[in-house]
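Written out below as structure tokens is the structure these notes cover.
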Amino acid sequence: MAEALIVIDLQNDFCPGGALAVAGGDEIVPLVNEMIARFEHVVLTQDWHPQGHSSFASQHSGKNPFETVTMPYGEQTLWPDHCVQGSAGAAFRLGLEWTKAELVIRKGFRKGIDSYSAFFENDHKTPTGLGGYLRERGIDEVTFTGLATDFCVAYSALDAARCGFKATVAMDACRAIDLGGSLAAMTAKMREAGVILA
Ligand code: VGL
Ligand code: ZN
């Protein structure tokens, strides 16, 4: 069986100067590049929202970014408009060695539902296809890096573990948003689920 590196959302909008900047988001690029060089298989994810996506606070009157709303699929945090399909903010961070990637999985492209995880949309039911892709290719171990530790990285790692993959998060090659203690909460959840925090 084989291993893959999964680089989560290392895009301009999640780096300093971007629409949903994660503190120090750009600092991880050299570390991620070193990991890309070491792994045989590399997958990237790209947050990829249509304009007017339902996770944008701008679509909910009277709501501000980082507040929550109840959607048909559950609680949803609202964000500033970010990673709009085809925009400069949605492009991979300059300097990221993305050419080796065998797959780029786009997520959050359906207007009415967000997708933090690389495996399932936020209803935790609708698959992105990544699980099937990895299985068919004989990959049973996945290592995560990227942005943001407490949202897309954590949701992806939890789903990977739930789907039976051996899941590791390279914590030093991730950066967090940390909303109301979300980093500590998601770190505990990952540890409980058997995700290896390296
Ligand atoms: C993310 C919030 C909204 C992430 C994506 O990549 O962690 N967070 N969209
Ligand atoms: Zn998003």
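Only residues that are of a type in the set (V, I, T) and in contact (Cβ under 8 Å) with a residue 12 or more places away in the chain were counted in region 40-87, giving 5. Being within 17 Å of the chain's Cα centre (by Cα), open to solvent by 10 Å² or more (accessible area, probe 1.4 Å) and either touching a residue at least 40 places away in the same chain (Cβ under 8 Å) or more than 18 Å from C174 (Cβ to Cβ) (or both) holds for only one residue in A90, A19, A37, and it is A19.
Among the numbered criteria (1) within 18 Å of the chain's Cα centre (by Cα); (2) over 16 Å from V153 (Cβ atoms); (3) more than 14 Å from ligand 1 (Cβ to nearest atom), which one does P50 miss? Status for P50: all satisfied but (3). Criterion applied to I113, I105 was being touching an Asp or Glu at 6+ places or on another chain (Cβ under 7 Å) and either surrounded by 15 or more Cβ atoms within 10 Å (Cβ to Cβ) or assigned to a loop (DSSP other than H, G, I, E, B) (or both), and the one residue passing it is I113. Just one of (1) at negative phi; (2) assigned to a loop (DSSP other than H, G, I, E, B); (3) within 13 Å of ligand 1 (Cβ to nearest atom) fails for L96. It is (3). For first residues located in region 112-127 and over 16 Å from M71 (Cα atoms), partners that are open to solvent by less than 20 Å² (accessible area, probe 1.4 Å) and within 11 Å of ligand 2 (Cβ to nearest atom) and lie 6+ apart or on another chain with Cβ distances below 6 Å form the pairs A118/T45.
Just to check your reading of the model, which residue among G89, G18, G62 is within 16 Å of ligand 2 (Cβ to nearest atom), assigned to a loop (DSSP other than H, G, I, E, B) and modelled with pLDDT of 95 or more?
Being within 16 Å of ligand 2 (Cβ to nearest atom), assigned to a loop (DSSP other than H, G, I, E, B) and modelled with pLDDT of 95 or more holds for just one of G89, G18, G62, which is G18.
Output the helices (runs of 4 or more DSSP H) that fall wholly within region 116-198 and possess 3 or more residues being open to solvent by 20 Å² or more (accessible area, probe 1.4 Å), farther than 18 Å from E3 by Cα and at pLDDT 95 or above, or say none. Helices (runs of 4 or more DSSP H) meeting the threshold: 182-192.
The values are calculated or read from the model by the stated rules, or taken from the named source; none is laboratory data. These numbers were taken from a predicted model, which means no experiment stands behind them. Heads up, the Cβs are rebuilt from the backbone with ideal geometry, glycines too, and the neighbour counts pull from every protein chain shown. Protein only, heavy atoms only, side chains kept; ligands, DNA and RNA dropped before computing areas. Shrake-Rupley method; radii C 1.70, N 1.55, O 1.52, S 1.80 Å.
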